[in-house]
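Take a look at the structure set out below.
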Amino acid sequence: LRRLTRTGLQSEGAPAQMSLSPGRLRLTSSRAEPTLLRTEAGPVAPYCTVVVTIDSSETGTDEAGTVTAGLVRDASNYVIASFERNGDPAKAAVAIDVRVEGRTTRVASVNVDRAGATRCAFTVNENYVTALVAKGADWVPVVQHRITDLLDLRNPDVLRQYRYGFGAGGAGTTVTIE
């Protein structure tokens, strides 16, 4: 947690509320679109995974809102998997969003049964992005899309600008990250 940027990235420049305590970061998103945190580390090749734990309301999201994981350049450029929580885990939306120069495209979305899921993951394999959920030790891919037409992560000049990231979406959504 010490390696994170000090402010959350939001497309309209509205700051997120964040508080740090030993081993924890609490993030409250003030806008519907995601508040993203960008780490200092990023992939050296277009193959990576970002995992977010969502197992309880104390260490995950509130009853409603979205948890995100992916690659972030800045507030106007990212590729993320979004894992929505709407109070009914049997009807949770999982999506892949690509934002390039301020324009967001939802390239894939599916409703899934996330009941019992304890972790969510974003993976990149070349230009294929996959969102997965874990129930116990089993990872299940739920949505995948090739993003080459929007963003080519195989290009080393492009890839080196992106860092691992995660966050929360939905006005008033709070996430505690350990």
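Of the residues T173, T118, T130, only one is among the hydroxyl-bearing types (S, T, Y) and buried (at least 21 other Cβ atoms within 10 Å of the Cβ); which? So that I can check it myself, show each step before the final result.
Working: T118 fails: buried (at least 21 other Cβ atoms within 10 Å of the Cβ); T130 fails: buried (at least 21 other Cβ atoms within 10 Å of the Cβ).
Sole residue among the options that is among the hydroxyl-bearing types (S, T, Y) and buried (at least 21 other Cβ atoms within 10 Å of the Cβ): T173.
Out of all the residues in region 62-79, is one or more at pLDDT below 95, open to solvent by 60 Å² or more (accessible area, probe 1.4 Å) and among the β-branched types (V, I, T)? Within region 62-79, none of the residues are at pLDDT below 95, open to solvent by 60 Å² or more (accessible area, probe 1.4 Å) and among the β-branched types (V, I, T). Are any of the residues in region 33-51 modelled with pLDDT of 90 or more, assigned to a strand (DSSP E or B) and of a type in the set (K, R)? Checking region 33-51: not a single residue is modelled with pLDDT of 90 or more, assigned to a strand (DSSP E or B) and of a type in the set (K, R). The number of residues in region 13-32 being part of a loop (DSSP other than H, G, I, E, B), hydrophobic (A, V, I, L, M, F, W, C) and either modelled with pLDDT of 70 or more or surrounded by 16 or more Cβ atoms within 10 Å (Cβ to Cβ) (or both) comes to 2. Taken over region 144-170, the criterion of being open to solvent by 20 Å² or more (accessible area, probe 1.4 Å) and assigned to a strand (DSSP E or B) is satisfied by Q144, H145, R146, R163, Y164, F166. Among the residues of region 82-96, those identified as among the aliphatic types (A, V, I, L, M) and open to solvent by less than 50 Å² (accessible area, probe 1.4 Å) are A92, A93, V94, A95, I96.
The values are calculated or read from the model by the stated rules, or taken from the named source; none is laboratory data. The model shown is predicted, which means the values in this text are computed figures rather than measured ones. Quick reminder, even Gly has a Cβ in these numbers, built from the backbone with ideal geometry, and neighbours come from all protein chains shown. These accessible areas exclude ligands, DNA and RNA; they are computed on the full protein's heavy atoms, side chains included. Shrake-Rupley method; radii C 1.70, N 1.55, O 1.52, S 1.80 Å.
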